[in-house]
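To keep things clear, I will list the structure first and then write my remarks on it.
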Amino acid sequence: MQGMIVLGIETSCDETAAAVVAGDRRILSDIVLSQIEEHRPYGGVVPEIAARSHLDHLDRLIAQALTEARCGWDDLDGIAATAGPGLIGGVLVGLTTAKAIAMVRNLPLVAVNHLEGHALTPRLTDGIDFPYLLLLVSGGHCQLVAVAGVGHYHRYGGTVDDAVGEAFDKTAALLRLGYPGGPAVEAAARQGDPDRFALPRPMAGRPGCDFSFSGLKTAVRHAVAALPGGTADTDSAADLAAAFQEAVADVLVDRTVNAIARFREEFPAGSHLVVAGGVAANARIRAVLAAAVAAQGLRFVAPPATLCTDNAAMIAWAGLERLRLGLTDGFDFAARPRWPLDGLSVPSGGAP
Ligand code: KG4
Ligand code: ZN
(Lines give C-alpha, C1' and ligand atoms only; values in the text may rest on other atoms or scores of the structure.)
(Ligands and ions follow the chains in the order given, each with its own letter.)
Protein backbone atom coordinates (compact mmCIF):
# COMPACT_ATOMS: atom_id res chain seq x y z
CA MET A 1 0.00 0.00 0.00
CA GLN A 2 1.89 3.03 -1.17
CA GLY A 3 -0.77 5.65 -0.47
CA MET A 4 -0.11 9.09 -1.79
CA ILE A 5 2.67 10.07 -4.19
CA VAL A 6 4.20 13.54 -3.97
CA LEU A 7 6.74 15.41 -6.09
CA GLY A 8 9.16 17.48 -4.00
CA ILE A 9 11.25 20.44 -5.14
CA GLU A 10 14.20 21.95 -3.24
CA THR A 11 16.00 25.13 -4.37
CA SER A 12 16.70 27.09 -1.18
CA CYS A 13 20.49 27.04 -1.32
CA ASP A 14 23.04 25.57 -3.72
CA GLU A 15 21.43 22.23 -4.53
CA THR A 16 18.78 21.93 -7.22
CA ALA A 17 16.74 18.89 -6.28
CA ALA A 18 13.60 17.02 -7.32
CA ALA A 19 12.25 13.78 -5.85
CA VAL A 20 9.18 11.58 -5.85
CA VAL A 21 8.20 9.91 -2.57
CA ALA A 22 5.36 7.51 -1.76
CA GLY A 23 3.26 7.36 1.39
CA ASP A 24 4.68 3.97 2.33
CA ARG A 25 8.07 5.72 2.78
CA ARG A 26 9.52 4.57 -0.51
CA ILE A 27 11.75 7.10 -2.26
CA LEU A 28 10.85 6.51 -5.92
CA SER A 29 13.43 8.99 -7.18
CA ASP A 30 15.80 11.45 -5.51
CA ILE A 31 17.85 13.72 -7.76
CA VAL A 32 20.25 16.30 -6.39
CA LEU A 33 22.35 18.54 -8.62
CA SER A 34 25.07 20.30 -6.65
CA GLN A 35 26.18 23.77 -7.77
CA ILE A 36 29.46 23.50 -5.89
CA GLU A 37 31.64 23.95 -8.98
CA GLU A 38 29.77 27.13 -9.95
CA HIS A 39 30.37 28.72 -6.53
CA ARG A 40 33.85 27.37 -5.82
CA PRO A 41 35.73 30.32 -7.45
CA TYR A 42 34.01 32.65 -4.98
CA GLY A 43 34.60 30.51 -1.86
CA GLY A 44 30.91 30.53 -0.96
CA VAL A 45 27.41 30.52 -2.40
CA VAL A 46 26.63 33.53 -4.63
CA PRO A 47 22.84 34.02 -4.43
CA GLU A 48 22.38 35.34 -8.00
CA ILE A 49 24.40 32.49 -9.51
CA ALA A 50 22.41 30.01 -7.42
CA ALA A 51 19.03 31.37 -8.57
CA ARG A 52 20.09 31.42 -12.23
CA SER A 53 21.40 27.89 -12.02
CA HIS A 54 18.18 26.59 -10.39
CA LEU A 55 16.27 28.17 -13.27
CA ASP A 56 18.54 26.52 -15.84
CA HIS A 57 18.23 23.00 -14.42
CA LEU A 58 15.03 22.58 -12.43
CA ASP A 59 12.61 21.67 -15.26
CA ARG A 60 14.94 18.97 -16.54
CA LEU A 61 15.47 17.54 -13.04
CA ILE A 62 11.73 17.37 -12.43
CA ALA A 63 11.22 15.47 -15.70
CA GLN A 64 14.07 13.14 -14.73
CA ALA A 65 12.62 12.57 -11.25
CA LEU A 66 9.26 11.59 -12.73
CA THR A 67 10.87 9.29 -15.31
CA GLU A 68 13.02 7.52 -12.71
CA ALA A 69 9.97 7.12 -10.47
CA ARG A 70 8.03 5.72 -13.46
CA CYS A 71 5.40 8.33 -12.71
CA GLY A 72 3.21 10.44 -14.91
CA TRP A 73 1.63 13.71 -13.79
CA ASP A 74 -1.63 11.83 -13.24
CA ASP A 75 0.00 9.55 -10.67
CA LEU A 76 0.81 12.48 -8.38
CA ASP A 77 -1.33 13.49 -5.41
CA GLY A 78 0.44 16.77 -4.73
CA ILE A 79 3.40 19.09 -5.34
CA ALA A 80 5.60 20.19 -2.45
CA ALA A 81 8.28 22.87 -2.72
CA THR A 82 10.55 24.61 -0.26
CA ALA A 83 9.02 28.05 0.38
CA GLY A 84 11.73 29.19 2.83
CA PRO A 85 13.86 29.83 4.74
CA GLY A 86 16.68 30.29 2.26
CA LEU A 87 18.16 32.42 -0.50
CA ILE A 88 15.09 34.14 -1.79
CA GLY A 89 15.92 34.04 -5.53
CA GLY A 90 16.31 30.29 -5.43
CA VAL A 91 13.25 29.73 -3.26
CA LEU A 92 11.21 31.77 -5.76
CA VAL A 93 12.33 29.59 -8.66
CA GLY A 94 11.27 26.37 -6.93
CA LEU A 95 8.05 27.66 -5.42
CA THR A 96 6.90 29.37 -8.63
CA THR A 97 7.62 26.23 -10.64
CA ALA A 98 5.61 24.20 -8.13
CA LYS A 99 2.71 26.64 -8.30
CA ALA A 100 2.69 26.48 -12.11
CA ILE A 101 2.62 22.68 -12.11
CA ALA A 102 -0.05 22.56 -9.41
CA MET A 103 -2.20 25.04 -11.30
CA VAL A 104 -1.90 23.40 -14.71
CA ARG A 105 -2.29 19.84 -13.39
CA ASN A 106 -4.92 20.78 -10.83
CA LEU A 107 -2.92 19.33 -7.94
CA PRO A 108 -2.71 20.52 -4.33
CA LEU A 109 0.31 22.66 -3.44
CA VAL A 110 2.23 22.36 -0.19
CA ALA A 111 4.64 25.19 0.69
CA VAL A 112 7.21 23.42 2.84
CA ASN A 113 9.47 24.94 5.46
CA HIS A 114 12.98 23.65 4.66
CA LEU A 115 13.67 23.08 8.37
CA GLU A 116 10.52 20.99 8.68
CA GLY A 117 11.89 18.91 5.79
CA HIS A 118 15.02 18.16 7.86
CA ALA A 119 12.93 17.71 11.03
CA LEU A 120 10.60 15.06 9.54
CA THR A 121 13.29 13.12 7.64
CA PRO A 122 13.69 10.44 10.36
CA ARG A 123 10.03 9.54 9.90
CA LEU A 124 10.77 8.89 6.22
CA THR A 125 14.02 7.00 6.80
CA ASP A 126 13.26 5.20 10.06
CA GLY A 127 9.52 5.51 10.51
CA ILE A 128 9.84 6.85 14.05
CA ASP A 129 6.84 8.18 15.95
CA PHE A 130 6.31 11.58 17.57
CA PRO A 131 7.51 12.94 19.93
CA TYR A 132 11.29 12.99 19.45
CA LEU A 133 14.13 15.35 20.14
CA LEU A 134 15.88 16.84 17.12
CA LEU A 135 19.38 18.25 16.88
CA LEU A 136 19.42 20.20 13.63
CA VAL A 137 22.95 21.05 12.54
CA SER A 138 23.34 22.59 9.09
CA GLY A 139 25.04 25.45 7.28
CA GLY A 140 22.40 27.97 8.26
CA HIS A 141 20.94 26.44 11.41
CA CYS A 142 21.93 24.95 14.72
CA GLN A 143 19.09 24.19 17.08
CA LEU A 144 17.61 21.69 19.50
CA VAL A 145 13.90 21.16 18.94
CA ALA A 146 11.30 18.87 20.48
CA VAL A 147 9.18 17.56 17.60
CA ALA A 148 5.72 16.83 18.98
CA GLY A 149 3.85 16.49 15.68
CA VAL A 150 3.64 17.92 12.18
CA GLY A 151 3.76 21.69 12.73
CA HIS A 152 4.32 21.29 16.48
CA TYR A 153 7.88 22.26 17.30
CA HIS A 154 9.28 23.45 20.63
CA ARG A 155 12.62 25.16 20.29
CA TYR A 156 14.85 24.42 23.29
CA GLY A 157 17.85 26.39 22.12
CA GLY A 158 19.84 27.61 19.15
CA THR A 159 23.02 29.32 18.19
CA VAL A 160 23.60 32.85 19.44
CA ASP A 161 26.04 33.54 16.59
CA ASP A 162 27.31 31.19 13.83
CA ALA A 163 25.58 28.01 12.76
CA VAL A 164 27.77 24.96 13.23
CA GLY A 165 28.11 24.26 9.47
CA GLU A 166 29.10 27.88 9.00
CA ALA A 167 31.81 27.38 11.65
CA PHE A 168 33.05 24.34 9.70
CA ASP A 169 33.09 26.37 6.48
CA LYS A 170 34.94 29.33 8.06
CA THR A 171 37.44 27.04 9.78
CA ALA A 172 38.11 25.31 6.45
CA ALA A 173 38.78 28.71 4.89
CA LEU A 174 41.19 29.66 7.73
CA LEU A 175 43.03 26.37 7.24
CA ARG A 176 42.94 26.75 3.42
CA LEU A 177 41.28 23.38 3.10
CA GLY A 178 38.99 24.51 0.31
CA TYR A 179 35.27 24.66 -0.26
CA PRO A 180 32.84 23.26 0.81
CA GLY A 181 34.31 23.29 4.27
CA GLY A 182 32.59 20.55 6.27
CA PRO A 183 33.72 17.52 4.29
CA ALA A 184 37.20 19.09 3.86
CA VAL A 185 37.62 19.58 7.63
CA GLU A 186 36.43 16.03 8.28
CA ALA A 187 38.90 14.60 5.74
CA ALA A 188 41.82 16.65 7.14
CA ALA A 189 40.87 15.78 10.73
CA ARG A 190 41.28 12.08 9.95
CA GLN A 191 45.03 12.68 9.50
CA GLY A 192 45.33 15.00 12.49
CA ASP A 193 46.18 14.89 16.21
CA PRO A 194 43.24 16.39 18.12
CA ASP A 195 45.39 17.01 21.22
CA ARG A 196 48.14 19.24 19.78
CA PHE A 197 46.02 22.41 20.02
CA ALA A 198 43.77 23.23 22.98
CA LEU A 199 40.58 24.87 21.72
CA PRO A 200 37.70 26.22 23.85
CA ARG A 201 34.29 24.56 24.31
CA PRO A 202 31.98 27.63 24.18
CA MET A 203 28.82 27.34 26.35
CA ALA A 204 29.81 23.91 27.71
CA GLY A 205 28.82 23.46 31.33
CA ARG A 206 26.28 26.27 31.23
CA PRO A 207 22.58 25.64 31.82
CA GLY A 208 20.23 25.70 28.81
CA CYS A 209 20.53 24.52 25.24
CA ASP A 210 22.05 27.46 23.36
CA PHE A 211 25.18 27.21 21.24
CA SER A 212 27.97 29.59 20.31
CA PHE A 213 30.63 28.90 17.70
CA SER A 214 32.20 32.25 16.84
CA GLY A 215 34.71 32.04 19.73
CA LEU A 216 35.84 28.63 18.55
CA LYS A 217 36.43 29.94 15.05
CA THR A 218 38.38 32.91 16.48
CA ALA A 219 40.50 30.52 18.55
CA VAL A 220 41.37 28.65 15.34
CA ARG A 221 42.33 31.96 13.73
CA HIS A 222 44.64 32.86 16.65
CA ALA A 223 46.20 29.40 16.55
CA VAL A 224 46.91 29.79 12.81
CA ALA A 225 48.34 33.29 13.34
CA ALA A 226 50.73 31.93 15.99
CA LEU A 227 52.18 29.34 13.59
CA PRO A 228 55.45 30.06 11.74
CA GLY A 229 54.67 32.37 8.82
CA GLY A 230 51.11 32.82 10.12
CA THR A 231 49.75 29.98 7.99
CA ALA A 232 49.00 26.33 8.65
CA ASP A 233 51.08 23.72 6.81
CA THR A 234 49.43 20.40 5.96
CA ASP A 235 50.21 18.81 9.35
CA SER A 236 49.11 21.82 11.40
CA ALA A 237 45.93 22.18 9.34
CA ALA A 238 45.11 18.52 10.00
CA ASP A 239 45.81 18.89 13.74
CA LEU A 240 43.70 22.05 13.97
CA ALA A 241 40.89 20.45 11.96
CA ALA A 242 40.91 17.48 14.36
CA ALA A 243 40.95 19.76 17.43
CA PHE A 244 38.12 21.86 15.99
CA GLN A 245 35.99 18.82 15.18
CA GLU A 246 36.45 17.43 18.71
CA ALA A 247 35.53 20.79 20.25
CA VAL A 248 32.36 20.93 18.13
CA ALA A 249 31.46 17.36 19.06
CA ASP A 250 31.97 18.10 22.78
CA VAL A 251 29.80 21.23 22.62
CA LEU A 252 27.03 19.43 20.71
CA VAL A 253 27.03 16.64 23.31
CA ASP A 254 27.01 19.05 26.28
CA ARG A 255 24.03 21.02 24.93
CA THR A 256 22.18 17.90 23.78
CA VAL A 257 22.45 16.31 27.24
CA ASN A 258 20.74 19.37 28.71
CA ALA A 259 18.03 19.19 26.07
CA ILE A 260 17.46 15.49 26.76
CA ALA A 261 16.83 16.26 30.44
CA ARG A 262 14.18 18.83 29.50
CA PHE A 263 12.66 16.62 26.79
CA ARG A 264 12.33 13.75 29.28
CA GLU A 265 10.35 15.96 31.62
CA GLU A 266 8.08 17.45 28.97
CA PHE A 267 7.67 14.37 26.75
CA PRO A 268 8.10 11.23 28.88
CA ALA A 269 6.80 9.11 25.98
CA GLY A 270 9.66 10.19 23.69
CA SER A 271 12.50 7.75 23.15
CA HIS A 272 14.60 9.05 20.23
CA LEU A 273 17.21 11.70 19.60
CA VAL A 274 17.52 12.49 15.91
CA VAL A 275 20.37 14.37 14.32
CA ALA A 276 19.71 16.03 10.95
CA GLY A 277 21.20 18.69 8.66
CA GLY A 278 24.42 18.75 6.65
CA VAL A 279 26.79 18.51 9.65
CA ALA A 280 25.08 15.23 10.61
CA ALA A 281 26.95 13.79 7.61
CA ASN A 282 30.13 14.01 9.74
CA ALA A 283 31.05 10.48 10.85
CA ARG A 284 33.02 11.53 13.93
CA ILE A 285 30.25 13.80 15.18
CA ARG A 286 27.68 11.06 14.60
CA ALA A 287 29.79 8.56 16.57
CA VAL A 288 30.37 10.87 19.54
CA LEU A 289 26.72 11.86 19.66
CA ALA A 290 25.53 8.27 19.33
CA ALA A 291 27.60 7.22 22.35
CA ALA A 292 26.43 10.17 24.46
CA VAL A 293 22.77 9.69 23.56
CA ALA A 294 22.93 5.96 24.32
CA ALA A 295 24.46 6.78 27.72
CA GLN A 296 21.41 8.97 28.38
CA GLY A 297 19.11 6.05 27.58
CA LEU A 298 17.63 7.43 24.35
CA ARG A 299 17.82 5.82 20.94
CA PHE A 300 19.96 7.63 18.39
CA VAL A 301 18.78 8.08 14.81
CA ALA A 302 20.84 9.63 12.05
CA PRO A 303 19.43 9.54 8.53
CA PRO A 304 21.86 8.41 5.78
CA ALA A 305 24.27 11.21 4.85
CA THR A 306 22.58 11.84 1.48
CA LEU A 307 19.30 12.56 3.28
CA CYS A 308 21.03 14.73 5.92
CA THR A 309 22.32 17.24 3.39
CA ASP A 310 19.83 19.21 1.31
CA ASN A 311 17.59 17.07 -0.89
CA ALA A 312 14.06 17.05 -2.29
CA ALA A 313 12.97 13.70 -0.84
CA MET A 314 12.66 15.37 2.56
CA ILE A 315 10.54 18.13 1.00
CA ALA A 316 8.28 15.61 -0.74
CA TRP A 317 7.94 13.71 2.54
CA ALA A 318 7.09 16.83 4.58
CA GLY A 319 4.55 17.68 1.87
CA LEU A 320 3.09 14.21 2.15
CA GLU A 321 2.78 14.44 5.93
CA ARG A 322 0.98 17.78 5.56
CA LEU A 323 -1.28 16.55 2.76
CA ARG A 324 -2.37 13.60 4.89
CA LEU A 325 -3.53 16.09 7.51
CA GLY A 326 -5.36 18.14 4.90
CA LEU A 327 -2.85 20.99 5.08
CA THR A 328 -2.37 22.65 1.70
CA ASP A 329 -1.38 26.15 0.65
CA GLY A 330 -2.81 28.72 -1.74
CA PHE A 331 -1.13 30.09 -4.84
CA ASP A 332 -0.70 33.38 -2.98
CA PHE A 333 1.78 31.77 -0.55
CA ALA A 334 4.84 34.06 -0.63
CA ALA A 335 8.42 32.77 -0.56
CA ARG A 336 10.12 33.61 2.73
CA PRO A 337 13.82 34.27 3.29
CA ARG A 338 13.28 33.77 7.06
CA TRP A 339 10.78 31.37 8.52
CA PRO A 340 11.32 29.92 12.01
CA LEU A 341 10.06 26.41 12.72
CA ASP A 342 7.76 27.63 15.47
CA GLY A 343 5.86 29.86 13.01
CA LEU A 344 4.31 27.03 11.01
CA SER A 345 0.69 26.31 10.21
CA VAL A 346 -0.59 23.41 12.32
CA PRO A 347 -3.43 20.93 11.95
CA SER A 348 -6.62 22.12 13.60
CA GLY A 349 -7.47 20.54 16.92
CA GLY A 350 -4.48 21.88 18.87
CA ALA A 351 -1.23 20.25 19.91
CA PRO A 352 -1.09 16.45 19.93
O1 KG4 B 1 21.77 20.98 5.48
P2 KG4 B 1 22.77 21.52 4.50
O3 KG4 B 1 23.07 20.68 3.27
O4 KG4 B 1 22.36 22.95 3.99
C5 KG4 B 1 21.75 23.89 4.83
O6 KG4 B 1 20.49 23.88 4.92
O7 KG4 B 1 22.53 24.65 5.47
O8 KG4 B 1 24.11 21.78 5.31
C9 KG4 B 1 25.28 22.27 4.70
C10 KG4 B 1 26.36 22.44 5.76
C11 KG4 B 1 27.60 23.14 5.25
O12 KG4 B 1 27.99 24.14 6.18
C13 KG4 B 1 28.63 22.02 5.22
O14 KG4 B 1 29.97 22.46 5.41
C15 KG4 B 1 28.17 21.13 6.34
O16 KG4 B 1 26.75 21.17 6.27
N17 KG4 B 1 28.66 19.78 6.16
C18 KG4 B 1 29.51 19.17 7.00
C19 KG4 B 1 29.81 17.91 6.44
N20 KG4 B 1 29.11 17.79 5.26
C21 KG4 B 1 28.42 18.95 5.11
N22 KG4 B 1 30.04 19.58 8.16
C23 KG4 B 1 30.88 18.74 8.80
N24 KG4 B 1 31.24 17.53 8.31
C25 KG4 B 1 30.73 17.07 7.14
N26 KG4 B 1 31.08 15.87 6.65
ZN1 ZN C 1 19.34 22.22 4.86
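Table for the structure above
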item	result
Hey, V110 within 30 Å of D210 (Cα to Cα), surrounded by 20 or more Cβ atoms within 10 Å (Cβ to Cβ) and more than 12 Å from ligand 2 (Cβ to nearest atom) or not	no
Filtered residues of the stretch 7-39 (kept if within 11 Å of ligand 1 (Cβ to nearest atom) and part of a loop (DSSP other than H, G, I, E, B))	S12, C13, D14
Test result for T218, more than 21 Å from L252 (Cβ to Cβ) and of a type outside the set (A, V, I, L, M, F, W, C)	no
Single unsatisfied condition, R155 versus (1) among the charged types (D, E, K, R); (2) in a strand (DSSP E or B); (3) open to solvent by less than 10 Å² (accessible area, probe 1.4 Å)	(3)
Residue check, R60 over 29 Å from A173 (Cα atoms), outside any strand (DSSP E or B) and either under 21 Å from the mean Cα position of the chain (by Cα) or at pLDDT below 95 (or both)	no
Search result, residues across the stretch 158-190 that are assigned to a loop (DSSP other than H, G, I, E, B) and either open to solvent by 20 Å² or more (accessible area, probe 1.4 Å) or within 16 Å of ligand 2 (Cβ to nearest atom) (or both)	V160, D161, D162, A163, R176, L177, G178, Y179, P180
Residue among I88, I62 that alone is of a type in the set (A, V, I, L, M) and either more than 15 Å from ligand 1 (Cβ to nearest atom) or within 23 Å of P122 (Cβ to Cβ) (or both)	I62
Enumeration of residues in the stretch 72-93 that are within 14 Å of A22 (Cβ to Cβ) and either open to solvent by less than 20 Å² (accessible area, probe 1.4 Å) or part of a helix (DSSP H, G or I) (or both)	D75, L76, G78, A80
Selected residue (criterion: farthest from the chain's Cα centre (by Cα)) from residues of the stretch 114-139 that are crowded, with 19+ Cβ neighbours inside 10 Å and assigned to a loop (DSSP other than H, G, I, E, B)	P131
Wholly enclosed helices (runs of 4 or more DSSP H) of the stretch 259-352 bearing at least 1 residues surrounded by 12 or more Cβ atoms within 10 Å (Cβ to Cβ), within 16 Å of ligand 1 (Cβ to nearest atom) and more than 18 Å from the chain's Cα centre (by Cα)	283-295
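Yes/no per residue for (1) outside the structural domain of I9 (by TED's automatic domain parsing); (2) closer than 19 Å to N311 by Cβ; (3) in contact (Cβ under 8 Å) with a residue 40 or more places away in the chain:
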position: A65; (1), (2), (3): no, yes, yes
position: E68; (1), (2), (3): no, yes, yes
position: A80; (1), (2), (3): no, yes, yes
position: I88; (1), (2), (3): no, no, yes
position: L95; (1), (2), (3): no, yes, yes
position: N113; (1), (2), (3): no, yes, yes
position: L136; (1), (2), (3): yes, yes, yes
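Conditions (1) at pLDDT 95 or above; (2) over 24 Å from A290 (Cβ atoms); (3) within 16 Å of ligand 1 (Cβ to nearest atom); (4) in contact with a strand residue (DSSP E or B) (Cβ under 9 Å, 6 or more places away or on another chain), marked per residue:
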position	(1), (2), (3), (4)
L124	yes, no, yes, yes
L135	yes, no, yes, yes
V160	yes, yes, no, yes
G178	no, yes, yes, no
A188	yes, no, yes, no
G192	yes, no, yes, no
G205	yes, no, no, no
R221	yes, yes, no, no
A225	yes, yes, no, no
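The values are calculated or read from the model by the stated rules, or taken from the named source; none is laboratory data. Bear in mind that the values here come from a model prediction, so they are computed numbers and not experimental data. All Cβ positions, glycine included, derive from the backbone under ideal geometry; neighbour counts span all protein chains shown. To get the accessible areas, we keep the full protein, side chains included, count just its heavy atoms, and leave off ligands, DNA and RNA. Shrake-Rupley method; radii C 1.70, N 1.55, O 1.52, S 1.80 Å.
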